[in-house]
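The structure appears right after this line, and notes come after that.
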Amino acid sequence: MTYSKDFLVKVYRDLAELRMFEEKLVEAYAQGKVPGHIHSGMGEEAVYAGTLATTKDGDYYKITHRPVGAAVTLGVSYETAFSEAMGKSTGNSGGRGGINHISELSKGMLGFSGSLGCDAAVGPGAALKIKKDKTDNIVYVYYGDGTSSRGPIHEAMNLAAVWKLPVLFICQNNQFGISTHISRGSSVENPGADRAAGYGMPSKIVDGTDALAVYEATKELVDDIRKGNGPAILEAKAYRWRGHFEGDQTPYRDAKITEEWMKKDCVKIMEKYLLDKKVVTEDEIKAINDELNDEMNKAIEFADNSPAITADEIYDNIYA
Amino acid sequence: MSFELVMPRAGLTMVEGTIVSWKVEEGAQIKKGEPVLEIENEKTIMDVESTADGFLHITAQAGEIIPVGERIGIIAESKEEYNKVISTASEAVETSSKEATPAKTTEASKEKATAAAVISGQRVRATGLAKKIAKEAGIDLSQVTGTGPNNRIVAKDVNKFIEDNAAAATLTQLPQEKAEVIPWVGVRRTIANTMYESLQSMAQTTATVEVDVSKLTEMRKNLVEKEDFLACRITINDLLCMAAIKTAKKHPLANATFDGNALTTYPYVNLSVAVAAEHGLMVPVVKYADSMTLTQLNNSLKDYAERARDGKLLSGEQSEGTITVTNVGMFPIDHATPVINPPQTTIIGFGRSVKKMVVVDDEPCIRTMMNVFITYDHRVYDGLEVGRILATIKEYIENPELIMA
Amino acid sequence: MLKTYAQAIGDAMKEEMRNDDNVIVFGEDVAEFGNIFGITRGILEEFGPDRIKNTPISETAIVGSAIGAATVGLRPCIELMYADFALVAFSEIYHSIGKWRFLHGPEYKLPLVIRMAMGSSFGAGAEHSNCVESLFMHAPGLTIVSPSSAYDAKGLLKSAIRSDNPVLFFEHKQLYQTKEEIPEEEYTIPLGVADIKREGTDVTIIAVSLMVKKALEAAEILAEKGISVEVIDPRTLAPFDKDTVFESIRKTHRVVVVEESHKTGGIGAELAAMIQEEMYDELDGPVVRVASLDVPLPYNIEMELHSIPNAEKIVTAVESLF
C-alpha cells in the first residue's frame, strides 16, 4: 500500500502523542498529582494509532482504561484530559469521573466504564442511531483480552451481529488480565478473533506493534462494515510494558520476555520506517516531539493550577 | 429465737413512715414496750415501742422511708442469738445484693410500669412528639401516665395531662374556657426560686413606722423648681433612697450579707433597687451609692430603672447588693412585708403617702404621712436593732436637710 | 374511557412514539408477540421493525445498548420482561446508568426508560415475583417509578420517556388488568410527586404499587374501627417526595410503610430511617413496616400469600400504634 506523507506523519504523530501522554501520566502519578490508580498503555499505542487512522466524521468510539490517552488521539484537549486525570474542575466531568472517564461526546466518544465490559453494548446502542440516520458511520468498541472473558462482551457482540450493526470490536490483546496470562484466561489462542465465528462475524489478527499493519487490517474490516455488512472483530496483539497499575512489579512474568517485547517499540518502528523511507528527517521528528512535549507540559501546569470543584458542586451532573 | 421489728401502721392512710431517729444503739438490750425509735408519717411524729425483750439489731437507718409492715430491726432473744443474727444478716446482705435484688427490681418495675412509663433510673419512655409537647408546655414527663404500646407516653397522654391540670385550675371558670398553662421559665423561674429560697432559709419578720413626709415633699417641690439648674428632676424616690443609704451606713447589721455561718458587713452601700418590669421583678444595684450626690443618684436610678423595664440590664448589674429598697408608693399600698433579697439581711419598703389628720404638739393638723416597713432577718438582728433603724430613717425622712449633710 | 393498566402503558408508549421518532422500543419478546403480558401489542404494526425490536435474552446488552443509544440522542424505552432479570444487568444499571452523566460530564445525558414487570402473581415463584425497587434506591442518579393505577402508569410513563434522565419503571403484574378511567386528551404526571390516595387524620400509610390497593382496603376496615387513615402513594421512589409525606406526618404523627419487597433493607427500611431522622419530634410512635417476609417467595400459593402483605396485616400494624 502506498501512503501520502501527511497520512504517515499523522499516524506517527498520533503514536508519539499517545506515548508521550502515557509517559507524562506516569510521571504525574509518581509526583502524586493523580488520584487513584492509572493503567499505563505504553507499548500498545499502535492499536489506537492504526485503527483510528480509518475513522470518518460521525463515527463513535468506546475506548477503555488502557490507554486513556486515546481520548487525546480522538481530539480531547490536553488541558481537559490532564485536568480530568488530576481530578480538577477543568476536566470534562470536573474531576467527578476521573482517569477512566476522560471523554467528550462532541468528539464522538460514548463514554466508558471502570467496570470493564459493562460498556461493551454501548457501541451497538449508538449504532442504532447510525442505522436510523442511514449513514455509513461505524462504532469502534475497544476491549482487552482480559475483558473478553466477561459476559457483557458476548452479549454485546451477539446483539450487534444479530442486528447487523455497524460496530468494529477491537480486542486489544496485551496478553495480561492484571497478572493472569491470556493462556490461562482463554481456551483459544486468539480470544478476539477465534470467537468471531461464534457470532458469524469476520475477524482479523494483526501485529499490534505495527501501526501500518493495524491500519491495513482495520481498513479492510471497516470498509466492509461501512457497506452495511455488520460487525467484525479485529484482534491486535501487543504487550503491556508496565504493570497493571503503577507499583505493580510484575513478579508473575518473565522480565526477559518483557525486554524482548519492549524492543518491538511501536513508536520506534514507525520512526525508523519514516526515516528509512526518507519521508521525514530527524529534525522533523524532533520538531514533532518538541512541540508535543511543550504543549503537554503547559497542559499539565494548567491542570496542576486548576482548582477542584467545591463541595456544593458534587451534586451537579447527577440529574440532567 | 428472734423477732422482727416492723414499720407500724399508725394512721388510717399511712402506707409508709420515715425513721426520724433511733433512741437506742445497735446491740442495746431492750424491753418490750420500751420506746426504741421515733418515726414520722404524713401527720405526726411518734415513738415506736419494742415488741419484744432482747438485743436490737437495726436494719433501717434514720432518714429511710420504709413501707408499713416492712422490717426495720431484729430483736434477738439472747446475746448469742444476736451475734448469729448479725453474721447471717451480713451474709444476707451479700446474697441479696446478688440474687434477691433482681427479683425485687422486677417486682418494683412491674408495679411502676403499670403506673407510669418511668423505668429503671430516670428514663421516661415517651415518643418524640410527646416529648416535644411536654417540653413546650414545661411538663415533667415522669408525672404523666403512658397509655401507648409498652406503656409508652404518647402525645395523647401529654395532652390529657395538660387538659386535666387545666381543668383543675379552671373549675370556677366557664367550662369551655381552658386555663392557660404558662411554663415558668427564665427570669420568672429565677425570681420564683429566689423568693421561695429567701422565705425558706431565713427568719424574716417585718416592722413598720409611720413617718411624716410633709417636709420631704416640700423639699422635693423646691428641688423640682430648680430642675433646670440641677439639670435633673429629683423625685421623692431619690430622696427616700438617699435616706435609706444614710440609714444603712449607720447600721452595719442592716447593710450586710449573711450565709448562715458568718455575717459580712460592708464599708460601702451597694443599693439594690426593686423595679417592677412586665417580664418580672428586676433588682439593679447602684454600686457605692453612699459616695453619690443626690443628682448622681438620680441619674443612676433613672438609667437602671429604664434599662430594667426594657430588659436591657447587663450581667452583673443585679448582683453584689448590700441592702434593698422597694418603693410601692405609686400603688394603693400602705403596708407590705417585702421579701429579703438573699443573702442580704434587710429590705426597706416605702408605702403610699397620704394626707392624714395627725396630732402635732397636741393639736390636730393635716400632714402627709407614709409607712416605712423593714423586713429583716431575725437570725441576724432583733427588735432592738430594728427599732433603732426605724428611728434613724424616720429622723432622716422627717428632717430631710439631714439627708444632704 | 375505562382502560386497563396494561393498555394505559401501551398507549403511553405509542403516544410518545408518535410525538418523537427518536423514541424506540426494544426488549425481550416485545415485537410480534407484543410482550408476554400484551403490553406492546400493536406497536410493531404501527411503527415498523426499525422502532421496535425483539432482543436476544441479553439483559446486559439490552441495558448497555440503551446507554449507547440514549447517549447519541435516541430515547430508548426498553423492556427487561421480569424485574427479577434486572439483576442480570445490575452493574449496567447501578454503575453505568445512574453514574454516566456524573462520570463523563454535563455533555452526557441518558433519556432512557427501563420497563419491568414485578411482584407476586400467584405462584410465579422466587425468581419471577420480586419487587426489587429498593435495590436500586441505593444507587445515586436513578429515577425510580412504581405506579399503582392505570391513570398514574400512563401519565408517569409519558413523563419518564420525556425525561432526560434514566428512569426505572416498575409495573406490577397483578395490576395489569385493573381498570381505571383514562381521559381521551393527553396528560402527563410529573416525576417525583407523591399522590394522596385517601385523606385521613390519624395515621399515614405510605404504600407502593399494588400495596396502595391493599392499604386502601385496610383504610376502609380501620375507618369502621374509628381510625382515620391517610394513604400516600409516592409513585416515584427516587427522587422521593419528602414534602408531601412530611406534611402528612405533621398531621397524623404516625407512619406505616407498606411494600411488597422483603423487609430487611427494603423501601420501608429507608423511609423509616429517613423519617425518624428528620421528623422525630413529630412522631407519636415508631415507624412501622409491613413488608414481605425475609424468605424467597414460595411457589405454593397459600404460602406465597402468607409471605406478602395484605389488608389484614396492615390493619394489625396500624393498630399497634394506638
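Values in this text are rule-based calculations from the coordinates and carry no lab data. Quick caveat, the model's predicted, so the values are computed rather than measured. All Cβ positions, glycine included, derive from the backbone under ideal geometry; neighbour counts span all protein chains shown.
So how far, in whole Å, is the C-alpha centre of segment B:229-287 from the one of segment B:322-364?
14
Rounded to whole Hz and in sequence order, give me ³J(HN,Hα) for segment A:303-317 from the Karplus expression 6.51 cos²θ - 1.76 cosθ + 1.60, θ = phi - 60°, writing x for Gly and Pro.
Each residue of segment A:303-317 in turn: 5, 4, 8, 7, x, 7, 5, 8, 4, 5, 7, 5, 7, 5, 6 Hz.
Between 0 and 90 degrees, rounded to the nearest ten: what's the tilt of helix B:128-137 against the longest Cα principal axis of chain B?
Roughly 40 degrees, rounded to the nearest 10.
Which of the listed residues, C:Gly98, C:Val295, A:Tyr29, is farthest toward the dipole's positive end in the protein assembly as shown, when Lys, Arg count +1 and Asp, Glu count -1 at the beta-carbon?
Checking the options against the dipole of the protein assembly as shown, the answer is A:Tyr29.
When the Karplus curve 6.51 cos²θ - 1.76 cosθ + 1.60 is applied with θ = phi - 60°, which whole-Hz ³J(HN,Hα) does each residue of segment A:224-235 get, with x for Gly and Pro?
5, 5, 4, 6, x, 8, x, x, 8, 10, 10, 10
Tell me the mean residue ellipticity at 222 nm calculated for chain A from its helices only (DSSP H runs of n ≥ 4, each -39500 (n - 2.57), averaged over every residue, nearest 500).
Values: 10 runs with 129 residues, N = 320.
Helix contribution divided over all residues of chain A: -13000 deg cm²/dmol.
Suppose R0 equals 30 Å; then what is the FRET efficiency for A:Ala287 and A:His37 from their Cβ-Cβ distance, rounded to the nearest 0.05?
Computed FRET efficiency for A:Ala287 and A:His37: 0.30.
Once a ≥ b ≥ c are taken as the square roots of the eigenvalues of the Cα gyration tensor of segment C:122-202, is the result rounded (a/c under 1.5), prolate (a/b larger than b/c) or oblate (a/b not larger than b/c)?
rounded
What ranking do C:Glu277, A:Glu246 get, fewest neighbouring Cβ atoms within 10 angstrom at the top?
C:Glu277, A:Glu246
With a ≥ b ≥ c the root eigenvalues of the C-alpha gyration tensor of segment A:250-320, is it rounded (a/c under 1.5), prolate (a/b larger than b/c) or oblate? Show your work: numbers first, answer last.
Working: a/c = 3.25, a/b = 1.61, b/c = 2.02.
Oblate shape, in that a/c is at least 1.5 and b/c is the bigger or equal ratio.
What net charge do the residues around B:Met1 carry, taking every other residue with its C-beta under 12 Å from that of B:Met1, with Lys and Arg at +1 and Asp and Glu at -1?
-4
Which residue, chosen from A:Ser113, A:Ala255, A:Val167, occupies the Cα position most advanced towards the positive end of the dipole of chain A, where the dipole is computed from +1 (Lys, Arg) and -1 (Asp, Glu) charges on Cβ about the Cα centre?
Going by the charge dipole, the pick is A:Val167.
Placing one identical point scatterer on every Cα of segment B:212-361 and ignoring solvent, what is log10 I(q)/I(0) from the Debye formula at q = 0.13 Å⁻¹?
One equal scatterer on each Cα of segment B:212-361 leads to -0.63.
Using a 7 Å offset from the Cα along the Cα-to-Cβ direction at both B:Ala179 and A:Lys56, what is the distance between the two label points in nm, to one decimal?
9.4
Show the residues, 5+ positions off or on another chain, whose built amide H is closer than 5 Å to the amide H of C:Lys197.
Excluding prolines and chain starts, which carry no amide H, the hits are C:Val231, C:Ile232, C:Asp233.
Can you list the HN-Hα couplings for segment B:304-316, worked out from phi with the Karplus curve (6.51, -1.76, 1.60; θ = phi - 60°), rounded to whole Hz and with x for Gly and Pro?
5, 4, 5, 5, 5, 5, 7, x, 10, 5, 8, 5, x
For the protein assembly as shown, report the translational diffusion coefficient in µm²/s to the nearest whole number, using Stokes-Einstein at 25 °C, 0.890 mPa s, and a Kirkwood Rh over Cα pairs. Mind dumping the intermediate values first?
Values: Rh = 38.3 Å.
The diffusion coefficient I find is 64 µm²/s.
List B:Cys365, C:Cys131 from most exposed to least, where exposure is judged by having the fewest other Cβ atoms within 10 Å.
B:Cys365, C:Cys131
Tell me, what is the percent relative contact order of chain A, built from C-alpha pairs under 8 Å that lie six or more residues apart?
Worked out over chain A, it gives 23 percent.
How far is it, in nm, from the label point at C:Glu185 to the one at A:Tyr3 when both lie 7 Å from their Cα along the line to the Cβ?
6.6
Where Rh denotes the Kirkwood radius from the mean inverse Cα pair distance, what is Rg over Rh for segment A:1-160?
Reported Rg/Rh (Cα atoms, Kirkwood Rh): 0.97.
With r defined as the distance between the Cβ atoms of B:Asn150 and C:Leu305 and R0 fixed at 35 Å, what FRET efficiency is calculated, to the nearest 0.05?
E between B:Asn150 and C:Leu305, to the nearest 0.05, is 0.70.
5 Å is the cut-off here: which amide hydrogens, built 1.01 Å from N in the peptide plane, fall below it relative to C:Lys263, excluding neighbours closer than 5 in sequence?
C:Ser292, C:Asp294
Taking only the C-alpha atoms, wrap a convex hull around chain C and report its volume per residue in Å³ as a whole number.
So the per-residue Cα hull volume is 127 Å³.
Give the shape of segment A:5-304 as rounded, prolate or oblate, defined through the alpha-carbon gyration tensor: a ≥ b ≥ c are the square roots of its eigenvalues, a/c under 1.5 means rounded, and otherwise the shape is prolate if a/b is larger than b/c and oblate if not.
Note, shape of segment A:5-304 comes out rounded.
Run the helix sum for chain B: -39,500 (n - 2.57) per DSSP H stretch of 4+ residues, divided by residue count, reported at 222 nm to the nearest 500 deg cm²/dmol.
-11000 deg cm²/dmol
Tell me, in nm to one decimal, what length is gained between B:His279 and B:Thr235 on full extension, where the rule is 0.36 nm per residue of separation less the Cα-Cα distance?
Additional length available on full extension: 13.4 nm.
Compute the long axis of helix C:267-279 from its Cα atoms, compare it with the longest principal axis of the Cα atoms of chain C, and write down the angle in degrees, 0 to 90, nearest 10.
Result, in degrees: 60.
Percentage of Cα-Cα pair distances in segment C:195-319 greater than 22 Å, rounded to whole percent?
Distances greater than 22 Å cover 28 percent of the Cα pairs.
Rank the residues C:His306, A:His154 as a footprinting-exposure proxy: fewest other Cβ atoms within 10 Å of their Cβ go first.
Values: C:His306 13, A:His154 19.
Ranked by crowding around the Cβ, least crowded first: C:His306, A:His154.
Separation of segment B:369-405 and segment B:1-57 by C-alpha centroid, Å?
Result: 52 Å between the Cα centres.
Normalise the Debye intensity by I(0) for chain B, one equal point scatterer per Cα, no solvent, then take log10 at q = 0.09, 0.14 Å⁻¹ and round to two decimals.
-0.83, -1.15
Using the beta-carbon distance between B:Leu402 and B:Ala10 and R0 = 60 Å, what value does 1/(1 + (r/R0)^6) give for FRET efficiency, to the nearest 0.05?
Step by step, r from the Cβ atoms, then E = 0.45.
Positive end of the dipole of the protein assembly as shown, charges at C-beta (+1 Lys, Arg; -1 Asp, Glu), about the Cα centre: which of B:Pro252, C:Leu237, A:His39 has its Cα farthest in that direction?
In the protein assembly as shown, that residue is A:His39.
Per DSSP H run of at least 4 residues, take -39500 (n - 2.57); add these up for chain C, divide by its residues and hand me the 222 nm value, nearest 500 deg cm²/dmol. Please report the intermediate quantities before stating the final value.
Working: 11 runs with 111 residues, N = 322.
Dividing the helical sum by the residues of chain C leaves -10000 deg cm²/dmol.
Over what distance in Å are the Cα centres of segment C:115-181 and segment A:31-45 separated?
After rounding, the separation between the Cα centres reads 42 Å.
On C-alpha positions alone, give me the angle between the axis of helix B:186-201 and the longest principal axis of chain B, in degrees, nearest 10.
Tilt of helix B:186-201: around 80 degrees.
Using amide H atoms built 1.01 Å from N in the peptide plane, name the residues 5+ places from C:Gly285, or on other chains, whose amide H lies under 5 Å from its own.
Amide H neighbours of C:Gly285: B:Gly128, B:Leu129.
Quickly work out the B:Tyr196-to-B:Glu227 label distance, labels modelled 7 Å from Cα along the C-beta direction, and quote it in nm with one decimal.
So the label points at B:Glu227 and B:Tyr196 sit 4.5 nm apart.
In debye, nearest 20: dipole of segment A:131-228 around its Cα centre with unit charges on the Cβ of K, R (+) and D, E (-)? Let's see the in-between values first.
Numbers: 11 positive and 12 negative charges, 91 e Å.
The calculation lands at about 440 debye.
Be a star and scan segment B:366-383 for residues whose amide nitrogen sits under 15 Å from the point 7 Å along the Cα-to-Cβ vector of B:Ala207.
What the label zone holds, given the 15 Å backbone N cut-off, is B:372-383.
Give me the inter-chain shielding for B:147-153: mean count of other chain Cβ atoms within 10 Å, whole number please.
What the average comes to for B:147-153 is 2.
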